[in-house]
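Following: one structure in structure tokens, then a few remarks.
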């Protein structure tokens with residue numbers, strides 16, 4: 001096959017995967033993908049576990065490996081490229097969540113077996129033979145190698161002629177140009193985030209199992225935002241009323257938590273866990289007590305009961321339960337609180353004070369920040385709060401300022417350099433004559449303009 005033929009074939013495969021495997025609008029196809037996907041994952045899991053008792057050359061392996069070969073062929077006929085993703089204790093085939101009732105120890109399910117090699121997913125670009133599957137199950141069940149076990153396992157598979165199997169890192173799956181698209185559409189990311197959280201809450205309120213994949217993907221988009229886009233998104237979302245208030249609040253808290261976690265130096269995978277946990281922090285309000293949401297005093301324990309009722313178990317659920325219980329706990333309370341809870345406490349209170357607040361008027365971001373800073377060491381972790389202040393500055397993103405010439409500006413940036421702590425990048429929202437500008441006009445307070453007052 002020539003190079004052009006290979007490119008054409010690859011394009012056709014990707015086209016089939018993108019056009020058909022999403023299956024969101026085709027319930028019949030979605031059901032078929034789920035049925036075949038469940039068969040495939042169960043067969044592969046069973047073959048992997050069998051290596052503990054039998055050599056793969058044993059005749060006992062013939063039927064399972066033959067079934068694996070046929071199962072993948074059926075999926076590829078339907079989808080083109082097949083993608084298997086493991087998110088926490090759940091498994092997806094081309095974005096279709098599988099219903100796997102694996103009654104095994106938490107460390108022995110399909111996801112956990114691959115996680116030993118730091119593998120979070122599989123891309124299957126071609127049909128594999130029985131002999132190739134034999135090598136795959138042996139390699140997957142071998143002990144992890146070196147500091148980068150996924151890379152080592154991938155190299156071993158490719159050396160054995162199995163380049164059609166691509167091992168994906170944990171939770172990090174995205175298209176090549178996705179970062180560039182996110183940079184250009186930060187508003188769309190924030191709006192989509194609120195919609196994803198709204199879907200999560202609706203599902204939990206209906207008693208359905210939580211689906212972490214859309215939330216995880218959305219948080220990965222947030223984690224990938226550069227600092228300037230992240231801050232601009234926070235600024236503009238403060239005035240967005242197009243989505244449900246509680247969902248909007250949770251998605252905003254998630255972005256603020258990621259911002260604080262980034263200042264703390266947390267790695268991207270931990271930032272993603274933190275962001276997902278922040279999305280869940282108020283899920284107690286999605287539960288029901290005699291036909292009504294629980295009161296503030298019990299929404300944390302209600303959230304924990306909801307999480308405990310979900311099938312399966314994963315370490316991330318512990319983080320979420322602790323955050324739900326502890327995110328309103330004062331810093332100086334006996335026993336303290338987990339790191340995620342202390343971060344979410346700051347993010348939650350700042351967002352509540354500056355935009356969504358049922359008990360009183362909305363505060364300006366500078367006023368809210370000053371109020372919170374006065375409670376450092378008692379209500380809030382002083383080191384985490386200082387990191388937050390260092391990032392957002394005297395006039396946090398979303399602040400509206402009146403300049404000395406009468407113009408009003410919206411703050412779009414945080415602190416770009418220590419010497420610019422009080423001089424953010426802004427956009428004019430009202431001209432000196434009281435009219436709105438006809439097109440976006442931006443003002444860098446490092447170059448021009450003096451703040452007369454904060455518009456409350």
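The values are calculated or read from the model by the stated rules, or taken from the named source; none is laboratory data. Small disclaimer: the values here were computed from a predicted structure and weren't measured. Here Cβ is always computed from backbone atoms with ideal geometry, including for glycine, and neighbour counts include all displayed protein chains.
Residues are listed down the side, and each one gets a yes or a no for (1) more than 18 Å from residue 252 (Cβ to Cβ); (2) buried (at least 17 other Cβ atoms within 10 Å of the Cβ); (3) modelled with pLDDT under 95:
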residue	(1), (2), (3)
374	yes, no, no
378	yes, no, no
386	yes, no, no
405	yes, no, yes
411	no, yes, yes
414	no, yes, yes
429	yes, yes, yes
Identity of the residue in the stretch 304-347, over 17 Å from residue 254 (Cα atoms) and in a helix (DSSP H, G or I), that ends up farthest from the chain's Cα centre (by Cα): 305
Being under 24 Å from residue 355 (Cβ atoms), in a strand (DSSP E or B) and out of contact with any helix residue (DSSP H, G or I) (no Cβ under 6 Å at 6 or more places or on another chain) is the filter here; which residues of the stretch 414-456 pass it? 425, 426, 427, 428, 429, 430, 442, 443, 451, 452, 453
Determine the pairs where a residue that is at negative phi, located within the stretch 279-291, has a partner that is surrounded by fewer than 19 Cβ atoms within 10 Å (Cβ to Cβ) and part of a helix (DSSP H, G or I) with Cβ atoms under 7 Å apart, the partner being 6 or more residues away or on another chain. 282/246; 285/246; 286/205
For residues that are surrounded by fewer than 22 Cβ atoms within 10 Å (Cβ to Cβ), within 30 Å of residue 319 (Cβ to Cβ) and touching a strand residue (DSSP E or B) at 6+ places or on another chain (Cβ under 9 Å), tally how many sit in the stretch 43-89. 1
Scanning the stretch 370-412 residue by residue, those assigned to a loop (DSSP other than H, G, I, E, B) and touching a helix residue (DSSP H, G or I) at 6+ places or on another chain (Cβ under 6 Å) turn out to be 381, 395, 396, 397, 398, 399, 412
